[in-house]
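*Asks:* Sending over a structure as structure tokens; questions will come in a sec.
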Amino acid sequence: MMSSSSSSWLEHISATNVALSVVIGYLVYKVFGFDKRAEQRKEQDRKKREEALGHDRVFTLKELRAYDGTKPSKEHGGEKPIYIAVDGVVFDMTSGADFYGPGGPYAGFAGHDATRGMATMAVGLVSEEWDDTSDLDEHERQTMLEWKEKFLSKYPVRGTLVKSK
């Protein structure tokens, strides 16, 4: 028979083995990139979501300007909707009116294409004319795409922004 001291020693080794197994499993997971597959699936899901959500309406810059949060809209039951475009996708930011509506810290983006402003983190940097953002560098483009992803997960898509109809 084993003494009580050797029994607790075996229990200690078992707990240590379990802990080491968990750590090794996690490291194997990270090293072999299983989380990269999850990221790829997430990106594919995001693209499908973007394609499926509200891209039936097409906005020009002039049409988008009507959705700056200052004008009531019949189609929104008298509400003052706030739309912002990022990378060609028009988002309904009305639920974030404290941030994007009149008096909010990002109000300068309301009713505009905010692509360049989001990319450069310059609040209110918008153009009244079509803004070809092909000159954005890789870091700026990545920053803008991160904002777009955040908006896709949080705000309804209302359509796409086009240069002209």
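The values are calculated or read from the model by the stated rules, or taken from the named source; none is laboratory data. These figures come from a predicted structure and were not determined experimentally. Neighbour counts run over all protein chains shown; Cβ positions are idealised from the backbone, glycine included.
*Asks:* Exactly one of these conditions fails for residue 148: (1) without any contact (Cβ under 8 Å) to a residue 60 or more places away in the chain; (2) buried (at least 16 other Cβ atoms within 10 Å of the Cβ). Give me its number.
*Replies:* Condition not satisfied by residue 148: (1).
*Asks:* Is it the case, given these coordinates, that residue 116 is touching a Gly at 6+ places or on another chain (Cβ under 7 Å), charged (D, E, K, R) and farther than 23 Å from residue 44 by Cβ?
*Replies:* No.
*Asks:* Sticking with this structure for a sec: Of the residues that make up region 152-159, is at least one in contact with a Ser or Thr (Cβ under 6 Å, 6 or more places away or on another chain) and hydrophobic (A, V, I, L, M, F, W, C)?
*Replies:* no
Results for (1) over 21 Å from residue 144 (Cα atoms); (2) touching a residue at least 40 places away in the same chain (Cβ under 8 Å); (3) among the small types (Gly, Ala, Ser), shown as yes or no for each residue.
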site	(1), (2), (3)
78	yes, no, yes
86	no, yes, no
95	no, yes, yes
105	no, no, no
120	no, no, no
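*Asks:* Check every one of the helices (runs of 4 or more DSSP H) wholly within region 47-165 and list those with 2 or more residues that are among the basic types (Lys, Arg) and modelled with pLDDT of 90 or more.
*Replies:* In region 47-165, 138-154 are the helices (runs of 4 or more DSSP H) which contain 2 or more residues that are among the basic types (Lys, Arg) and modelled with pLDDT of 90 or more.
*Asks:* Now a separate question. Can you tell me how many residues in region 123-143 are surrounded by 13 or more Cβ atoms within 10 Å (Cβ to Cβ) and under 20 Å from the mean Cα position of the chain (by Cα)?
*Replies:* Qualifying residue count, region 123-143: 9.
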